[in-house]
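Have a look at the structure below before the remarks.
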There are 2 protein chains.
Amino acid sequence: MNGPMKLGLAGLGTVGASLARLIHEKHNALAARSGRAINLVALSARDRTRDRGFDASGCEWFTDPVKLATEGNIDVFVELIGGAEGAALESVKAALNRGLPVVTANKALLAYHGVALAKLAQRKNTTILFEAAVAGGIPIIKTMREALAGNTVDRVYGILNGTCNYILTRMEREGMSFSDCLSDAQRLGYAEADPTFDIGGFDAAHKLAILTSLAFGCEIDLESVFVEGIEKVESADIEAAAELGYRIKLLAVAQRTDTGIEQRVHPAMLPEHAALAKVDGVTNAVAIDTDLLGSILLAGPGAGGNATASAVLSDIVDLATGAHLPALGVQPSNLSPYKRARMRAHEGGYYIRLSVIDRVGAFASIARRMAENSISLQSIVQRRRAGEAGQTAPVILITHETTEAAVRKAIEAVSKDGHLDGEPRMIRIESLL
Amino acid sequence: MNGPMKLGLAGLGTVGASLARLIHEKHNALAARSGRAINLVALSARDRTRDRGFDASGCEWFTDPVKLATEGNIDVFVELIGGAEGAALESVKAALNRGLPVVTANKALLAYHGVALAKLAQRKNTTILFEAAVAGGIPIIKTMREALAGNTVDRVYGILNGTCNYILTRMEREGMSFSDCLSDAQRLGYAEADPTFDIGGFDAAHKLAILTSLAFGCEIDLESVFVEGIEKVESADIEAAAELGYRIKLLAVAQRTDTGIEQRVHPAMLPEHAALAKVDGVTNAVAIDTDLLGSILLAGPGAGGNATASAVLSDIVDLATGAHLPALGVQPSNLSPYKRARMRAHEGGYYIRLSVIDRVGAFASIARRMAENSISLQSIVQRRRAGEAGQTAPVILITHETTEAAVRKAIEAVSKDGHLDGEPRMIRIESLL
């Protein structure tokens, strides 16, 4: 058994406090796994006085995380501060510059600076590990970095944001509106006070950008991710989807195409029998299609203090067992530049919801505009409930396979014909997953 | 980049041939992942002349795998011979004795000799890795050995035998009989000529015994696994299950109980909405319940040359990156002895199918015997189809939670009353999964 491994931890929020507690509580089990003791010896956080449920008295305290990273008597620097810039970035750089391995749960940091940090780590003959940055407690980084070593990945896709999935699940189960679900999620701590990062799809985009690099051995390119959030999903869409045998999920997809790599995050209608359609609540799930395996699926808790701390612990134990793991699966010098796919519009079926002004000929006109754009319809349903009256009627169209350009043109024409009241709503149908 | 890693491979069946081909085809990608070239330099198989789809001309050939392990100019010994004894065991022991790390896909070898081999490896300061031994291409060993390092596992359970799942899926989808499905599976190469090992549940038991050790940090104890195969599952059971909202799967479960660790493999009725109920065909799936994660689920291909070779490759790359991974997660000196749970009968609901001789009072008598044994019935259905006649009627009972002892006593009493024609059939209902 080697000497103990000394950890310095910066950031004592929910995950940081869970981690500190677990390192104490599971000391013996972690030592047995690691072949050496793992000791928490130094800490940094804004407020020293707060009780976080663990005894910090044996730890050296640093007000400045950069100072902890630079001067702490530590073997590993654990960054749980968060944020792509500022103290998180500076302290991680300081630790790597010193040749210390870094463990982080910081997806934004990785999405923006992952390649630069991996290069710095390589130069300093160390590494940066980040299992907790994507899909919480699901070992997706380890799986992609190590278990799929011999595989060529064709596609990685999944449900990467627990907040969105929680909201969509409740909208579906309880018929609640988007805004009511969001308020509830905020009250229960599943959504931030400013929820834009989650519900706008940006959190999932950060995670996807990291997975893309691991999947295809290319550099991380967050800017190339097409992002559409769930803000515009209405109860009417969820209900219509259910009636048609689909469920709406915020889907993140990265796939190899003829022209490059496509990355997208958007609401999608999945057939209700698809594995991802059944992933409910704050659960995350990731599927990977490869040449050797066909598909594998991993599902589990996407967030939470203990689940995320579990992922951080697995990185720490990996470092303790002495594995030399390049951050992004291969050394950054072996990464190919990211080649963005020509913005290929989604090819497949579309769900279209129109609010149609109720008058003679409207239906015929809509059907004609679809035909003019070579869009063949699988179904067309007027969804006004019995007893409802009004001058507009909700109309749902499900198209057979077509292109996004055709759908957009057709909707524009219908709109110009003066048949619509309000914005049309369009959701991609993903039938291949 | 370090010098190349030289592999010796014994066994060139489906998996061995796939592996050899992939090591050639993916040479550059594997080198990028590993930080060094991975070269296949020595081979051993019974028949040297057969064309296996790769160029073996550069490899040294050994007729005797033990000789390859003992004398080959190799850094890693890969055992794909199969079988718990004989050449597989002797060659693995020879390699470990020489201090060479071993990679194997051999579940029987591990189930019978895993602890002894791990001890030998520890003494020789090397290791034996076996990702491919359980659930084919699903990285379940890596997940349990490394990703769950900080977790306390409460239960591990899943569908571990593709042959059984294939047969049960076809019986369900196509209404075929067990024996027709088995013949088809044999014709298609999904089942062996002697299928006992698979359909009797023994293959799943081997895999479960290995997972149990990784889950609970205890020694492997194959003999303690309760095993019941799928031979007695009839179409009538599958149909009745479907009508009642269940699906029948061969389930493998290891769980911590108050009296020790319980290991069991048997057909089980799972609610159709349960994640494992939806795992079809030759797919495998494993769920793990832990203190920190709640549940995580991994699903993917359980067998096949490429999927299994993919798992072997991941072990090889792990060795190339220099990780010091104890075979069973912790060093064998840290394993606790296996403590067998008191043979706790399954507590939960039961499905019971009786062939009841059709006469006045039979139903009342059955109901009375159940009541006498404190078994409360959720439903009782006579399943004779319209138009069918005969002197016996199939009767399906679904019990509320009870004990196996009570069910056995009640059935025995009904049988003694002279109401039954033929053997009663009993399947555990697992509603907690």
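Give the residues of segment A:325-338 that are out of contact with any Asp or Glu (no Cβ under 9 Å at 6 or more places or on another chain) and crowded, with 16+ Cβ neighbours inside 10 Å, sorted by residue number. Lay out the reasoning, then the answer.
Filtering segment A:325-338 down to residues out of contact with any Asp or Glu (no Cβ under 9 Å at 6 or more places or on another chain) leaves A:326-327, A:330-331, A:333-334.
Across segment A:325-338, the qualifying residues are A:Pro326, A:Ala327, A:Val330, A:Gln331, A:Asn334.
Test B:Lys6 against the stated conditions and say whether it is within 12 Å of another protein chain (Cβ to nearest Cβ) and charged (D, E, K, R).
Details: within 12 Å of another protein chain (Cβ to nearest Cβ): no; charged (D, E, K, R): yes.
Criteria not met by B:Lys6.
Could you count how many residues in segment A:327-374 are hydroxyl-bearing (Ser, Thr, Tyr) and in contact with a Cys (Cβ under 9 Å, 6 or more places away or on another chain)? So that I can check it myself, show each step before the final result.
The initial filter retains those residues of segment A:327-374 that are hydroxyl-bearing (Ser, Thr, Tyr), namely A:333, A:336, A:338, A:350-351, A:355, A:365, A:374.
Going one step further and asking which of them are in contact with a Cys (Cβ under 9 Å, 6 or more places away or on another chain), we end up with A:336, A:338.
Counting residues in segment A:327-374 that are hydroxyl-bearing (Ser, Thr, Tyr) and in contact with a Cys (Cβ under 9 Å, 6 or more places away or on another chain) gives 2.
Consider A:Leu250 against the criteria (1) in contact with a Pro (Cβ under 6 Å, 6 or more places away or on another chain); (2) within 10 Å of chain B (Cβ to nearest Cβ): it satisfies all of them except one. Which criterion is unmet?
For A:Leu250, the exception is condition (2).
Listed here are the residues, each with its yes/no results for (1) more than 16 Å from B:Glu60 (Cβ to Cβ); (2) modelled with pLDDT of 95 or more; (3) buried (at least 20 other Cβ atoms within 10 Å of the Cβ); (4) not polar (S, T, N, Q).
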| residue | (1), (2), (3), (4) |
| --- | --- |
| B:Met1 | yes, no, no, yes |
| B:Leu7 | no, yes, yes, yes |
| B:Ala10 | no, yes, yes, yes |
| B:Ser18 | yes, yes, yes, no |
| B:Arg21 | yes, yes, no, yes |
| B:Arg36 | yes, no, no, yes |
| B:Leu40 | no, yes, yes, yes |
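Pick out, from segment A:201-304, the strands (runs of 3 or more DSSP E) lying fully within it that include 1 or more residues that are open to solvent by 30 Å² or more (accessible area, probe 1.4 Å).
Result: A:246-257, A:283-290, A:294-301.
Go through segment B:21-55 and report how many residues are within 14 Å of B:Ile81 (Cα to Cα) and of a type outside the set (Lys, Arg).
Counting residues in segment B:21-55 that are within 14 Å of B:Ile81 (Cα to Cα) and of a type outside the set (Lys, Arg) gives 4.
Would you check which residues across segment A:401-432 are of a type in the set (A, V, I, L, M, F, W, C) and open to solvent by 60 Å² or more (accessible area, probe 1.4 Å) and list them? Lay out the reasoning, then the answer.
If we filter segment A:401-432 for residues that are of a type in the set (A, V, I, L, M, F, W, C), which is where we start, we get A:405-407, A:410-411, A:413-414, A:420, A:426-427, A:429, A:432.
Once the filter is applied, which keeps residues that are of a type in the set (A, V, I, L, M, F, W, C) and open to solvent by 60 Å² or more (accessible area, probe 1.4 Å), segment A:401-432 yields A:Ala405, A:Leu432.
When you check A:Asp221 against the structure, is it farther than 23 Å from A:Glu423 by Cα, in contact with a Leu (Cβ under 8 Å, 6 or more places away or on another chain), touching a residue at least 24 places away in the same chain (Cβ under 8 Å) and of a type in the set (Asp, Glu), yes or no? Let's see the steps before the verdict.
Numbers: farther than 23 Å from A:Glu423 by Cα: yes; in contact with a Leu (Cβ under 8 Å, 6 or more places away or on another chain): no; touching a residue at least 24 places away in the same chain (Cβ under 8 Å): yes; of a type in the set (Asp, Glu): yes.
Against the criterion (farther than 23 Å from A:Glu423 by Cα, in contact with a Leu (Cβ under 8 Å, 6 or more places away or on another chain), touching a residue at least 24 places away in the same chain (Cβ under 8 Å) and of a type in the set (Asp, Glu)), A:Asp221 does not qualify.
For (1) farther than 23 Å from A:Gly99 by Cα; (2) among the hydroxyl-bearing types (Ser, Thr, Tyr), each residue gets a yes or a no:
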{"position": "A:Arg36", "(1), (2)": "no, no"}
{"position": "A:Val41", "(1), (2)": "no, no"}
{"position": "A:Arg46", "(1), (2)": "yes, no"}
{"position": "A:Ser57", "(1), (2)": "yes, yes"}
{"position": "A:Lys67", "(1), (2)": "no, no"}
{"position": "A:Thr70", "(1), (2)": "no, yes"}
{"position": "A:Asn73", "(1), (2)": "no, no"}
{"position": "A:Phe77", "(1), (2)": "no, no"}
{"position": "A:Ala88", "(1), (2)": "no, no"}
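What about A:Ala371, is it open to solvent by less than 50 Å² (accessible area, probe 1.4 Å) and of a type outside the set (Ser, Thr, Tyr)? Lay out the reasoning, then the answer.
Numbers: open to solvent by less than 50 Å² (accessible area, probe 1.4 Å): no; of a type outside the set (Ser, Thr, Tyr): yes.
No, not satisfied.
Could you grab the pairs with beta carbons closer than 6 Å, sequence gap of 6+ or different chains, first residue in segment A:19-37 and under 11 Å from A:Pro4 (Cβ atoms) and more than 8 Å from every other protein chain (Cβ to nearest Cβ), second one among the polar types (S, T, N, Q) and surrounded by fewer than 22 Cβ atoms within 10 Å (Cβ to Cβ)?
Note: pairs meeting the criteria are A:Arg36/A:Asn2.
Just one of B:Gly150, B:Gly201 is on the phi > 0 side of the Ramachandran plot and touching a residue at least 12 places away in the same chain (Cβ under 8 Å); which is it?
B:Gly201
In segment B:305-324, which residues are open to solvent by 10 Å² or more (accessible area, probe 1.4 Å) and facing another protein chain (nearest Cβ under 8 Å)?
B:Asn306, B:Thr321, B:Gly322, B:Ala323, B:His324
Is there a residue in segment B:44-54 that is within 27 Å of the chain's Cα centre (by Cα) and on the phi > 0 side of the Ramachandran plot?
No, there is no match, as no residue in segment B:44-54 is within 27 Å of the chain's Cα centre (by Cα) and on the phi > 0 side of the Ramachandran plot.
The values are calculated or read from the model by the stated rules, or taken from the named source; none is laboratory data. Because the structure is predicted, anything quoted here is derived from the model rather than measured. All Cβ positions, glycine included, derive from the backbone under ideal geometry; neighbour counts span all protein chains shown. Side chains are part of the model used for accessible areas, which takes the heavy atoms of the whole protein and leaves out ligands, DNA and RNA. Shrake-Rupley method; radii C 1.70, N 1.55, O 1.52, S 1.80 Å.
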